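For reference, the structure discussed in these notes is given below.
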Amino acid sequence: MSYHKENLKEQFAEIAWDICKRESWQKVNMRRVAQKAGVSNNAFYRHFKDKNDLKAELMRRGFEILYEGMKDVTNNFSSYGAHYIRFGLDYPHIYDLMFGNTDLDMSLYPDLEALSNASFNGIVEGLKSFMPDESENDVMIKAYNVWASVHGTVGILRRKDLRRNRDKSLEWIENNLEEYLEMTTFR
């Protein structure tokens, strides 16, 4: 593959994104990315300090996709949660990279840290409009409940053993996320 120096960093990020999206972050390595780009391993390190810089770039892209899709949700708070769950189902490996236990020191990437915090802050702000007379503490407790519920729902719907023996309840939940969230989490 031929490349232009000015877009090699973008090519590295795209290649790594594709590997992570299809396989997982664990399958991304600098040698593989450089090889797919048709360049030497050293070229990678002229654009990314280390693998954590690449990880941060992929996480940033994931958050951008997540937030871009939120522009299309209705003003309904359950649509926000449903979009979030769908993102976790559509991009399982990217979702794991963004929300799994990561060894990335987010303070080294302030813009990424802000994007990450915005996920939870969006829930808090959404709840404030539904709970205008509640204390800040009550809103935060509900926000943690919503956060846990949305992430837990992604985990349940992604479990392979449950997918093989899927019962009608799980099928209904996945096909009716907004209604499910209105019945449970967003009351």
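Below, the figures for the structure above:
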quantity: Qualifying residue in region 6-15 (condition: surrounded by fewer than 13 Cβ atoms within 10 Å (Cβ to Cβ) and modelled with pLDDT of 90 or more); calculated: no
quantity: Residues (part of a helix (DSSP H, G or I), over 22 Å from Asn76 (Cβ atoms), hydroxyl-bearing (Ser, Thr, Tyr) and within 18 Å of the chain's Cα centre (by Cα)) located in region 96-145; calculated: Ser116
quantity: Residues that are modelled with pLDDT under 85 and surrounded by 13 or more Cβ atoms within 10 Å (Cβ to Cβ), drawn from region 126-162; calculated: Gly126, Leu162
quantity: Counted residues, region 47-71 - those being out of contact with any helix residue (DSSP H, G or I) (no Cβ under 8 Å at 6 or more places or on another chain) and over 12 Å from Ala16 (Cβ atoms); calculated: 4
quantity: Verdict on Leu177 being touching a Phe, Trp or Tyr at 6+ places or on another chain (Cβ under 9 Å) and touching a residue at least 40 places away in the same chain (Cβ under 8 Å); calculated: no
quantity: Ile94 buried (at least 16 other Cβ atoms within 10 Å of the Cβ), under 15 Å from Ser24 (Cβ atoms) and not charged (D, E, K, R); calculated: yes
quantity: All positions within region 30-80 that are among the aliphatic types (A, V, I, L, M), more than 24 Å from Asp96 (Cα to Cα) and outside any helix (DSSP H, G or I); calculated: Val39
quantity: Pairs with Cβ under 7 Å, 6+ apart, first in region 81-100 and closer than 14 Å to Tyr180 by Cα and without any contact (Cβ under 8 Å) to a residue 40 or more places away in the chain, second buried (at least 17 other Cβ atoms within 10 Å of the Cβ) and hydroxyl-bearing (Ser, Thr, Tyr); calculated: none
quantity: Count of region 22-42 residues which are surrounded by 12 or more Cβ atoms within 10 Å (Cβ to Cβ), touching a helix residue (DSSP H, G or I) at 6+ places or on another chain (Cβ under 6 Å) and of a type in the set (D, E, K, R); calculated: 2
quantity: Enumeration of residues in region 106-124 that are without any contact (Cβ under 8 Å) to a residue 12 or more places away in the chain and either surrounded by fewer than 12 Cβ atoms within 10 Å (Cβ to Cβ) or touching a Leu at 6+ places or on another chain (Cβ under 8 Å) (or both); calculated: Met106, Ser107, Pro110, Asn117
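The values are calculated or read from the model by the stated rules, or taken from the named source; none is laboratory data. These numbers were taken from a predicted model, which means no experiment stands behind them. Counting neighbours? That spans all protein chains shown, and the Cβs are built from the backbone with ideal geometry, glycine included.
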